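Note sheet for the following structure.
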There are 4 protein chains.
Amino acid sequence: MQEITIGGARHARVSYPLDAIALAPSRRTRDTRLVDVTWQFDAYTFALPILGAPNDAVSTPDTIKTMGEHGVTGVLNLEGLWARYADPSAIYAEIASLAPTVEATVRLQQIYSQPIDEDLIGQRITELGAHGFVAGRFSPGNVERFQHLAVEAGLDLLVISGAAVTAQHVGAENSTPLDLHSFTARYSIPVVIGGVASAKSALHLMRTGAVGVIVGVGGATHDTTGDTLGVNVGLASAIAEVAQARTRYLDESGRYVNVIAAGGITTGGRIAKAVALGADAVMIGAGFAHATDMPAAGRYWSLNAGHPTYPRGPLTAVETHASLAEIITGPSHRPDGTTNLADGLRRTMGLTGYASLNLLRDAELVVTQRPTA
Amino acid sequence: MQEITIGGARHARVSYPLDAIALAPSRRTRDTRLVDVTWQFDAYTFALPILGAPNDAVSTPDTIKTMGEHGVTGVLNLEGLWARYADPSAIYAEIASLAPTVEATVRLQQIYSQPIDEDLIGQRITELGAHGFVAGRFSPGNVERFQHLAVEAGLDLLVISGAAVTAQHVGAENSTPLDLHSFTARYSIPVVIGGVASAKSALHLMRTGAVGVIVGVGGATHDTTGDTLGVNVGLASAIAEVAQARTRYLDESGRYVNVIAAGGITTGGRIAKAVALGADAVMIGAGFAHATDMPAAGRYWSLNAGHPTYPRGPLTAVETHASLAEIITGPSHRPDGTTNLADGLRRTMGLTGYASLNLLRDAELVVTQRPTA
Amino acid sequence: MQEITIGGARHARVSYPLDAIALAPSRRTRDTRLVDVTWQFDAYTFALPILGAPNDAVSTPDTIKTMGEHGVTGVLNLEGLWARYADPSAIYAEIASLAPTVEATVRLQQIYSQPIDEDLIGQRITELGAHGFVAGRFSPGNVERFQHLAVEAGLDLLVISGAAVTAQHVGAENSTPLDLHSFTARYSIPVVIGGVASAKSALHLMRTGAVGVIVGVGGATHDTTGDTLGVNVGLASAIAEVAQARTRYLDESGRYVNVIAAGGITTGGRIAKAVALGADAVMIGAGFAHATDMPAAGRYWSLNAGHPTYPRGPLTAVETHASLAEIITGPSHRPDGTTNLADGLRRTMGLTGYASLNLLRDAELVVTQRPTA
Amino acid sequence: MQEITIGGARHARVSYPLDAIALAPSRRTRDTRLVDVTWQFDAYTFALPILGAPNDAVSTPDTIKTMGEHGVTGVLNLEGLWARYADPSAIYAEIASLAPTVEATVRLQQIYSQPIDEDLIGQRITELGAHGFVAGRFSPGNVERFQHLAVEAGLDLLVISGAAVTAQHVGAENSTPLDLHSFTARYSIPVVIGGVASAKSALHLMRTGAVGVIVGVGGATHDTTGDTLGVNVGLASAIAEVAQARTRYLDESGRYVNVIAAGGITTGGRIAKAVALGADAVMIGAGFAHATDMPAAGRYWSLNAGHPTYPRGPLTAVETHASLAEIITGPSHRPDGTTNLADGLRRTMGLTGYASLNLLRDAELVVTQRPTA
């Protein structure tokens, strides 16, 4: 681990965000038709190594269906708008029309102050189940309370996510903190947990029995956690650290835990870089927000944008320029890599000569020291 | 200490500003209700580890009262507007209406050319004393001349601050330079001195008997000392250095001196980072300037903005968007961390799993090498 | 090779773009009239070490003639507009009038969907041959199919270029991948291949028998390959690496292979830096786009701007401010170094005291760590 | 010397510009009235360690007189407007009215195409001599031709300056290159030569007998030499290197050569930093351009802005905001350090506790690694 010294006495580890890293070509190139981008995850095989993030702005019952048709596994936030409103379409329409200013935050706080309706949780899962695989998300604080509803309704994959999630949460005396070890052991369906940013924390999460850990702290697009709370680890470094923990845990347990990178991944090249650093898949939120077929098209907001006392993330205006299908599988009519993510990933693998996601981990990494003005 | 070589022969120490540093999550998280942010300082316990900076723009008899009600210890500048004008409300109203251009500097120079009225010094302290704890500030050059007035009026804490303050000031022949050793020894109330930026200078200040040293040189918000005079040390490095001096001085004397970080601290995350680096508390100036209930709301100016021959710091337009109370204790309706500083601090401690300010010093530090355009 | 560690387990090599590097003066200066900038390349001697890039935006039969008159060897893209349209002048006029927005990408895709007309390939080469030396470009995927047309028509120099080209391309089963070893061995005219970015890949390309390799991956001006696909190596580092491979190959084979740097080279100073790092010559595309005498004057687009499913590079508005002749050999009436490239190169050599391109490789390199805001 | 490796095989030295460096406070502070800023130079004592750069935009017979009255030694360009026009006032008025666009470069080229009038050289020196010390500048290429005129007219100090000046210039066959060794040995008045950027080149210049060397290559304000020609060394590193050469030359010869730093020095803090790094004085051009009493007030252009074939430096619009006297000795009414340079220098020395320019060389240097967006 690279370290620097702060003020003579303190040490800090050096961390790199994904954009500080690039891939170098190898001595081989490969036809993109000979590149395999399927993702083996637990008992499943997915056409693309991409999860749709459990953000209300992008993952809805409808868009998750579209994602699935194009190889992406969408995750519904089971504490979001779809769990609070029987029909949130008017809410989405209103959000789409809100000016992206600080006043929007106040309105988002009001919208999210609507209590969770437990009946809706099961109902959403049942609806999604009609199209196949169902993945849903709870926060660490609510999962004990709601999980039975999800299991009963037929959830296939449970995502437990928060700004930072650990296996050793210290709760208040009058609360029932989530005991992940106990929870995952007795839970009947696979669990993915995160975000996490270091080998040690990841190892503890892996030991709870999770099938996947989400890597990424402070870095989600338009989520200001990193800036406001000062808790931030560069995603490239975090992925490499957690991938190392996965190897160690595989050695100690014989069990392979998937590493899922999240935070600002919006192009095929970034997916490829995350995989090259050791991720098995990525989770995409804001990257899908440019779709014309989002219910609040033109607006994006993060998971914590409506927090009652400490909102982290503005309502953001985003340009809509392609269908969700085009964003995922193209064809692209833009030169910026934000559409046709699948082909972008394949082209990066072709340019660097790797035939599969696993082999891409051999790619040579480059950090370019650009001049600064 | 990290060093680099300049031109083959000269050495420079590498320093980091607060924003170059982030905190990494640990393997624990903690409910924010189980986080203790109280600050033990000398004989006092304060609800928050925050001092209000002795800047006329933010610390006035009225705002110091509000600060106190929300756990912040405001410091009045005993050489500022409140010591020069019996009723500075018209002055504040005028400053609020000044265009934030260079012409404003000329007007500030005129405003601050009004002589200090010694009677007002005691009067302000007496007024503040009606609400409890009274902290006031003199410059090193004036403290010998005015301090008896402050003691007589019942000052509880004396802050001596300037661009850089040392225990060994060389004064002109016809001047009476402040002998801090002698002064602090014979002075009856606790003294906080700064700014300082290195272990050695801090150690000398600690040996004068000060109960606290302010860390921060060249970096105050909207104070151009660092740029114009080229005297500047990154705050993160300066805090770590001075915290190391505190440990050394504690070993040699058995006395614990508080380290107070100042300069650009405007969010709960930055408070947490300062504490993680070794600060006991922070001093906030510009961070309070966004309050709607400031007497010159919408304008901020630094301590040296009205200097007669070498002003350092422009009159700046600031957006006002919350009450002072909301800035300190929330609730927040903004996604940028500038409101609800107390909750921001608690959330950072919760995310990183530390129960008290002292324990937060164990937090892992991260320096992220972001790509440059 | 300088390496850093990412997340404890992964290594990355540090790479520098051309603009991160500068040259230091030596203890000699030299009259620019005593500076020799001729380039010995295979059996040829060129007045300047500059190739015109095979981009439709800048290299046309007419502009290649002008380039040749001023010492630059233009390369025609034998798969571009001139191979698809008998008279592309209306196409150029239309492109010049397109607004440089994303809609232009859609139109470029339509324009480039016109099939290649094999008859035109030979015809263009014949036309160019009337003025002397003829250099043309194919992509790796098409060169086997079209090369005989080029040989028959009298091509003097074949350039095979793509985003990344290797000697070991893995093709699809139903395709005929280019076997560069076999191809170059049986090919009758000199071949230049690229882009490449590492010593190892370059060595493999040299061993195919190429007379020159193009260095540069991900960095061409207004080509977004580096950003969208995440494949990117700083040009300065890439040149130095490949130059080292050239020395090694010269040792093993006795054959000197020319290193041609490409990507963002738009001033005489950058040409000089590329040469100082080890390049024999540079390839210029966007640097010529400012010419008033381009057929689509005011617009620039990269080789992949019209790709049918994954376009990389926007149609860009460029200021036109000098004739192509003035850009190459001056005189200059601008202070930004974009005109009079030849004199810029000579002046850099004069300032640093080197008499020839080969000697310039002894120049001392400087990396300046500029402050960041 | 700090070095990095480029591409595995090439080495580059790391260089720092002045703004990458700051000074740290020491454990002493000092009353600014106890700070001595006089400069001992050859047989002279100057009130300030500042030369006015030989740029037509700022150093004219009139402004040099004003400079002298405030402690600054102005240098007239003896090849500039004052040597080409008997009365350049109309020229200055025209330049003041030119729009700062590229068309201005064309007009500057015309203005400077007016031949040098040898009679004017002596006349200017004689005029300046009426007010005292006279310093004038020739380029290396012209100094042999014109120097006798300067000696006859009573020049006190000769400055020979160019983009890079070395003791070993290789001239064209039909030219008479300047042999600095011979020239300086037989020359009757003190000579200052530059710019230079390395210890080795500086040592060679010192051995010619020069009393001062100017440090600075590629970095003058609004001179684009560094960008266009790629010849650039960070000024902080260059000063430290040349100062080291001065010590070595003092050891070998017993003669102390003054080091004069030039390039972007516009505040008292930057003067202090240059001195702390080892400079004896600085040369200021653009820093004086903000004066209201310049003949082309509101415009600045560099020495090479009117070059006939390769101009380097645009005509720049500058804000005029204080008299030349206020810029030098104040008082200041601005918060940006561009006025009252003398007090800025004294304050920096006071804050860091050094009593004289020589002692300031003991100052601790700091390089701050700021975060990048």
Quick test for you: out of C:T320, C:T348, pick the one residue that is under 21 Å from C:A274 (Cα atoms) and touching a residue at least 12 places away in the same chain (Cβ under 8 Å).
C:T348
Condition met for D:L155 (over 21 Å from D:T247 (Cβ atoms), buried (at least 24 other Cβ atoms within 10 Å of the Cβ) and either within 19 Å of the chain's Cα centre (by Cα) or without any contact (Cβ under 8 Å) to a residue 24 or more places away in the chain (or both))
yes
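Matching residues to (1) facing chain B (nearest Cβ under 10 Å); (2) in contact with a Leu (Cβ under 8 Å, 6 or more places away or on another chain):
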{"position": "A:V196", "(1), (2)": "yes, yes"}
{"position": "A:L203", "(1), (2)": "yes, no"}
{"position": "A:Y249", "(1), (2)": "no, yes"}
{"position": "A:R255", "(1), (2)": "no, no"}
{"position": "A:I260", "(1), (2)": "no, yes"}
{"position": "A:F288", "(1), (2)": "no, yes"}
Kindly indicate whether any position in the range D:62-69 is within 18 Å of the chain's Cα centre (by Cα), more than 30 Å from B:A199 (Cα to Cα) and of a type in the set (K, R).
yes
Of (1) within 12 Å of another protein chain (Cβ to nearest Cβ); (2) under 18 Å from D:F46 (Cβ atoms); (3) not β-branched (V, I, T), D:A240 satisfies every one except (2)
Name the residues in the range D:5-28 that are in contact with a helix residue (DSSP H, G or I) (Cβ under 6 Å, 6 or more places away or on another chain) and either farther than 27 Å from D:L345 by Cα or outside any loop (DSSP other than H, G, I, E, B) (or both), would you?
D:I6, D:G7, D:G8, D:A9, D:R10, D:S15, D:L18, D:I21, D:L23
When the range C:4-28 is examined, which residues are found to be polar (S, T, N, Q), closer than 26 Å to D:V233 by Cβ and either more than 14 Å from chain A (Cβ to nearest Cβ) or free of Cβ contacts under 8 Å to residues at least 24 places away in the same chain (or both)?
C:S26
Would you confirm whether any residue within the range D:138-145 is part of a strand (DSSP E or B) and surrounded by 23 or more Cβ atoms within 10 Å (Cβ to Cβ)?
yes
Scan B:A53, B:A93 and give me the residue that is surrounded by fewer than 17 Cβ atoms within 10 Å (Cβ to Cβ) and either under 18 Å from B:L157 (Cα atoms) or more than 17 Å from the chain's Cα centre (by Cα) (or both).
B:A93
Quick test for you: out of A:H169, A:H148, A:H131, pick the one residue that is under 27 Å from A:V217 (Cβ atoms) and over 19 Å from the mean Cα position of the chain (by Cα).
A:H169
Residue selected from the range B:336-360 under the condition out of contact with any helix residue (DSSP H, G or I) (no Cβ under 7 Å at 6 or more places or on another chain) and more than 9 Å from chain A (Cβ to nearest Cβ), by the criterion surrounded by the most Cβ atoms within 10 Å (Cβ to Cβ):
B:L359
Pairs where the first residue, in the range D:221-241, is at positive phi and among the hydrophobic types (A, V, I, L, M, F, W, C) and the second is modelled with pLDDT of 95 or more and surrounded by fewer than 24 Cβ atoms within 10 Å (Cβ to Cβ), C-beta under 9 Å, 6+ apart
none
Can you tell which of D:H333, D:H321 is surrounded by fewer than 19 Cβ atoms within 10 Å (Cβ to Cβ), over 20 Å from the mean Cα position of the chain (by Cα), of a type outside the set (F, W, Y) and within 12 Å of chain B (Cβ to nearest Cβ)?
D:H321
If you scan the range D:262-283, which residues turn out to be more than 8 Å from chain B (Cβ to nearest Cβ) and farther than 17 Å from D:P54 by Cα?
D:I271, D:A274, D:V275, D:A276, D:A279, D:D280
Take the conditions buried (at least 24 other Cβ atoms within 10 Å of the Cβ) and within 23 Å of A:V72 (Cβ to Cβ) and apply them to A:I125. Does it pass?
no
The strands (runs of 3 or more DSSP E) lying entirely within the range C:29-131 that contain at least 2 residues which are among the β-branched types (V, I, T) and in contact (Cβ under 8 Å) with a residue 24 or more places away in the chain are C:73-77
I need every pair where a residue in the range A:164-185 that is charged (D, E, K, R) and surrounded by 12 or more Cβ atoms within 10 Å (Cβ to Cβ) has its Cβ under 9 Å from the Cβ of a residue that is outside any loop (DSSP other than H, G, I, E, B) and at pLDDT 80 or above, sequence separation at least 6 or different chains.
A:D179/A:E144; A:D179/A:H169
Among A:A297, A:A274, A:A363, the single one that is assigned to a loop (DSSP other than H, G, I, E, B) and either at pLDDT below 95 or buried (at least 22 other Cβ atoms within 10 Å of the Cβ) (or both) is A:A363
Looking at the structure I just gave you, is D:T224 facing another protein chain (nearest Cβ under 8 Å) and modelled with pLDDT under 95?
yes
Under 8 Å between Cβ atoms, at least 6 apart or on separate chains: pull out the pairs that start in the range A:190-217 with a residue that is more than 15 Å from A:A243 (Cβ to Cβ) and end on any residue that is of a type in the set (K, R).
A:H204/B:R27
Going by what's in this entry, would C:R312 be described as modelled with pLDDT under 95, of a type in the set (D, E, K, R) and not in a strand (DSSP E or B)?
yes
Is it true that some residue in the range A:235-244 is out of contact with any strand residue (DSSP E or B) (no Cβ under 6 Å at 6 or more places or on another chain) and either over 18 Å from A:G218 (Cα atoms) or surrounded by fewer than 24 Cβ atoms within 10 Å (Cβ to Cβ) (or both)?
yes
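The values are calculated or read from the model by the stated rules, or taken from the named source; none is laboratory data. From a predicted model like this one, the values you see are computed outputs, not experimental measurements. For neighbour counting, all protein chains shown are included, and Cβ atoms are generated from backbone atoms with ideal geometry for every residue, glycine included.
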